[in-house]
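Quick notes on the structure that follows.
The values are calculated or read from the model by the stated rules, or taken from the named source; none is laboratory data. Owing to the predicted nature of the structure, the values given are computational and were not obtained by experimental measurement. Don't worry about glycine lacking a Cβ; one is built from the backbone with ideal geometry, like all the others, and counts go over all protein chains shown.
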Amino acid sequence: MANGANALIRTLVDAGITTCFTNPGTSEMHFVAALDSVPEMRAVLALFEGVATGAADGYARMADKPAATLLHLGCGLGNGLANLHNARKGRVPVLNIVGDHATHHTQYDAQLQSDIETVARNVSSWVRTSQSTAALCQDAVEAVAACMGPPGQVATLILPADVSWGEGGAPMPPPEFAPPPAAEDATVAAIAQALQGEGKKAILLGGKSLRAPALIAAARIAARTGAKLFAEVFPTRIERGAGLPAVERIAYLAELASVQLAGLDHLILVDAKAPVSFFAYPDKKSYLVPDGCQVHELASFTQDVMASLEKLSTSVGAELATPVLQPPQRPGRPRGKFTADKVCKAIGHLLPENAIIVDEAQTSGIMLPLYTAGAPRHDVLTLTGGAIGQGLPNAVGAAIACPDRKVIALAGDGSAMYTIQALWTMAREKLDVISIVFNNRSYAILNVELRRVGAVGAGDKARAQLDLRNPPLDFVRLGESMGVPSRRATTTEEFLAAFEHALRTPGPHLIEAIVPPSLAGLKLRVLPYLLQSLANLPQPIARAIKRGIAP
């Protein structure tokens, strides 16, 4: 009989979980030692728990199966919560293994003793502290089943040290999953009737419906019925590029989203929630569905998205409809003054086939969807839960899940600093990741929000909380100190040279793009008033303004 740790790792591997992102401590040492007895389990060390959890999230998004994390007690789990929050909001399967003190030791309330279950419940749909070595592997099987869903969820299995070192562990067979159901016939019939009737219709896609087969099916339905296709604000993973339907993402700014949704009579949800604003604002709506619009749910998070879309396609007679697809189209080679927009244009100009873009560029990436729409097919992972510090760790996980694909991670300077330790893991694992950091010396998105929320009295002290100029961050030195070849770009030509070099040279690279904030000066001062005016403008003008601000 194996000890608990050996049996646990074997159970996880047999269930298809073959990658573990680790940041262990004393209570996890038996798990660490057991890694050598199960060679199928890849262990990837992270220097910060938020890197481990964000990497597990990125891995699962691209591998379509969970990775595990190995974290040290409640404090270690707490350090990883922000990216577990993003995974939860993205309905991404992640399995946390969190070490705990031995069961007989907890009575002494040692220095690192904490209530791990309470910490875990912030982000986990399933939480359990294993009580014995004999029960451990059954607990693990239930944790795997819970996190794989559907929908994908975060599950946390707490592993006391004596349960880990105890003898008598027995690996368990993997869980069995029943196929998720498709939409019911009555639901499909009602939605088909709405789509074929009068009024303005739209289909809002999220989750698994933003993969190529589902996108094509939805585009056929749209072509047949005249419905508009939208995607969630921050998709977990969206397939894009030439040959796929071009789907317009709902805007982050609620005022712009309201322009997109204005006049709708029917909104069809497919693996998505009805749109709401990210935050509450004085005298502004939180629920963004227009008054009088009827909301229909074709497929919930627990249903089979593809089967549901196929049933709807048949019901509206769209099987032979010709979907509108994005033609191949790249922007020209950028020239002139170096800005964040020029970086986005360069990415669209040079993006390789089958790349993965991890987008946490914040305001600097506003133009990225426009410039990459007709590029070769690629995947985009976005900031699903809004907790910054996801981008670089997500890129680690995506690169490990898809080692034959180039990964391009876009991060703002402020958000990159949350999990900058991810660069060290990229270097250690020799991952093919290009990290592009937009260094505009500012929390630029918060400068926008400071004006939008109507906060009164903001002066020098308030603005200083959003200013990263003093002392200036040096990402080239940070990257090189962690083993990542790094370059700084201060001109468009310098960026193009650095990006082209990174594209043709395998392994990790960092490019620090010194750019001005995309929204600053007069643009920043005028933006709140412009947004406020949209509701009172004729729709064609409002839509034109929306496209100018966020294409």
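Observations on the model:
- Remark: Ala190 matches the filter, which requires a residue to be out of contact with any Leu (no Cβ under 9 Å at 6 or more places or on another chain), at negative phi and not assigned by TED's automatic domain parsing to the domain that holds Arg10.
- In segment 499-524, the residues that are part of a helix (DSSP H, G or I) and either within 18 Å of Leu473 (Cβ to Cβ) or of a type in the set (D, E, K, R) (or both): Glu500, Arg504, Lys523
- All conditions but one from (1) surrounded by 16 or more Cβ atoms within 10 Å (Cβ to Cβ); (2) farther than 16 Å from Cys293 by Cα; (3) free of Cβ contacts under 8 Å to residues at least 60 places away in the same chain apply to Glu184; the one that does not is (1).
- All positions within segment 211-227 that are part of a helix (DSSP H, G or I) and either aliphatic (A, V, I, L, M) or under 13 Å from Val270 (Cα atoms) (or both): Ala212, Ala214, Leu215, Ile216, Ala217, Ala218, Ala219, Ile221, Ala222, Ala223
- Note on segment 1-38: residues that are of a type outside the set (A, V, I, L, M, F, W, C) and farther than 25 Å from Asp57 by Cβ total 7.
- Meeting the requirement of 3 or more residues that are outside the structural domain of Ile347 (by TED's automatic domain parsing), no helices (runs of 4 or more DSSP H) wholly within segment 395-476 can be named.
- Residue check for Lys208: closer than 30 Å to Gly385 by Cβ, assigned by TED's automatic domain parsing to the domain that holds Leu244, charged (D, E, K, R) and in contact with a strand residue (DSSP E or B) (Cβ under 6 Å, 6 or more places away or on another chain): no
- Within segment 271-306, considering residues that are part of a loop (DSSP other than H, G, I, E, B) and among the hydroxyl-bearing types (Ser, Thr, Tyr), the one surrounded by the most Cβ atoms within 10 Å (Cβ to Cβ): Ser300
- The residue list Ala140, Ala146 contains one member that is small (Gly, Ala, Ser) and surrounded by fewer than 24 Cβ atoms within 10 Å (Cβ to Cβ), which is Ala146.
- If you go through segment 61-75 and keep only what is in contact (Cβ under 8 Å) with a residue 40 or more places away in the chain and farther than 10 Å from Asn394 by Cβ, you end up with Ala63, Lys65, Pro66, Ala67, Ala68, Thr69, Leu70, Leu71, His72, Leu73, Gly74.
- Just one of the listed residues (Ala178, Ala143) is outside any strand (DSSP E or B) and in contact with a strand residue (DSSP E or B) (Cβ under 9 Å, 6 or more places away or on another chain), and it is Ala143.
- Scanning segment 497-551 for residues that are under 21 Å from Val448 (Cα atoms), β-branched (Val, Ile, Thr) and surrounded by 16 or more Cβ atoms within 10 Å (Cβ to Cβ) turns up Ile514, Val515, Ile545, Ile549.
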